[in-house]
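Shown next, in structure tokens, is the structure this report addresses.
The values are calculated or read from the model by the stated rules, or taken from the named source; none is laboratory data. Since the model is a prediction, treat every value here as computed from it, not as a measurement. Every residue, glycine as well, gets a Cβ built from its backbone with ideal geometry; the counts of neighbours run over all protein chains shown.
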């Protein structure tokens, strides 16, 4: 059984934030929509981390009462995730805000996708791309170690990176000049995340990558879980689905027999 969490902490990139789901749903102040800066106005709390913390009962009525505030009354939310964050950004900006604590916390981590996209954009030769991929995987592991040192009593959900191309290697409107993207690098990174989750105490995997396949570039627009103006960002339905994957991972961890 999991401990009684007093904090929920979201770290990482735009998979965890409210901005793009709120833009998709039109539940956002015009200043935010124009500037893409969530600090200049109201943004509806319908991103993945917000929904995991507290469901939007009007939008997702079937999930009423199936959130962290219902399961752990009094739990506090700290969402440090930011748009376009890389592993370095989480190290340099978000961990500073996180601080150290022995409290029982739930942490979700969504990062690595922007690091890979940046590498793909430069179209490096295969040998250099392999080294870059290894560096990204190594940096991810260092980041996880840092989070565990800061929060030794936390349960950490490591989230795999989704593939908006639906395994085609082509994302409409994104890096089209780079040609077919080297998806073996993405698959290798996700395999590293799964292995880390399986081999690290108090960690679990949330496999968003597998859950999202078929809801990206290959799907009709009405069935996509990505924002129509940028297929690397989650739309309102996508945020809900990320939340579902996290919640399922929590349920599995909560039911695991530690003696098994």
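Brief remarks on what is shown
- Within the stretch 96-116, considering residues that are in contact with a strand residue (DSSP E or B) (Cβ under 8 Å, 6 or more places away or on another chain) and assigned to a helix (DSSP H, G or I), the one surrounded by the most Cβ atoms within 10 Å (Cβ to Cβ): 98
- Tallying residues that are crowded, with 21+ Cβ neighbours inside 10 Å and farther than 17 Å from residue 222 by Cβ within the stretch 20-29 yields 4.
- Any hit, the stretch 163-175, residues being free of Cβ contacts under 8 Å to residues at least 40 places away in the same chain, more than 30 Å from residue 253 (Cβ to Cβ) and assigned to a helix (DSSP H, G or I): no
- Test: residue in the stretch 15-32 that is closer than 21 Å to residue 139 by Cα, within 20 Å of the chain's Cα centre (by Cα) and touching a residue at least 60 places away in the same chain (Cβ under 8 Å): yes
- Some residue of the stretch 159-177 being modelled with pLDDT of 95 or more, loosely packed, with under 14 Cβ neighbours inside 10 Å and under 27 Å from residue 1 (Cα atoms): no
- Taken over the stretch 87-119, the criterion of being without any contact (Cβ under 8 Å) to a residue 40 or more places away in the chain and over 25 Å from residue 152 (Cβ atoms) is satisfied by 115, 118.
- Considering (1) without any contact (Cβ under 8 Å) to a residue 40 or more places away in the chain; (2) surrounded by 14 or more Cβ atoms within 10 Å (Cβ to Cβ), the lone condition that residue 122 does not fulfil carries the number (2).
- Qualifying residues in the stretch 198-210 (those that are part of a helix (DSSP H, G or I) and touching a residue at least 40 places away in the same chain (Cβ under 8 Å)) - the one nearest to residue 155 (Cα to Cα): 208
- Being assigned to a helix (DSSP H, G or I), buried (at least 20 other Cβ atoms within 10 Å of the Cβ) and over 16 Å from the mean Cα position of the chain (by Cα) holds for only one residue in 133, 195, and it is 133.
- Some residue of the stretch 224-234 being part of a helix (DSSP H, G or I) and surrounded by fewer than 20 Cβ atoms within 10 Å (Cβ to Cβ): no
- Which numbered condition residue 188 misses (of (1) more than 17 Å from the chain's Cα centre (by Cα); (2) within 19 Å of residue 48 (Cα to Cα)): (2)
- Among (1) more than 20 Å from residue 15 (Cα to Cα); (2) modelled with pLDDT of 95 or more, the one test that residue 194 misses: (1)
- Applying the set (1) out of contact with any strand residue (DSSP E or B) (no Cβ under 9 Å at 6 or more places or on another chain); (2) in a helix (DSSP H, G or I) to residue 180 leaves exactly one unmet item: (2).
- Residue among 66, 37, 56 that alone is surrounded by fewer than 15 Cβ atoms within 10 Å (Cβ to Cβ) and either out of contact with any strand residue (DSSP E or B) (no Cβ under 6 Å at 6 or more places or on another chain) or free of Cβ contacts under 8 Å to residues at least 60 places away in the same chain (or both): 37
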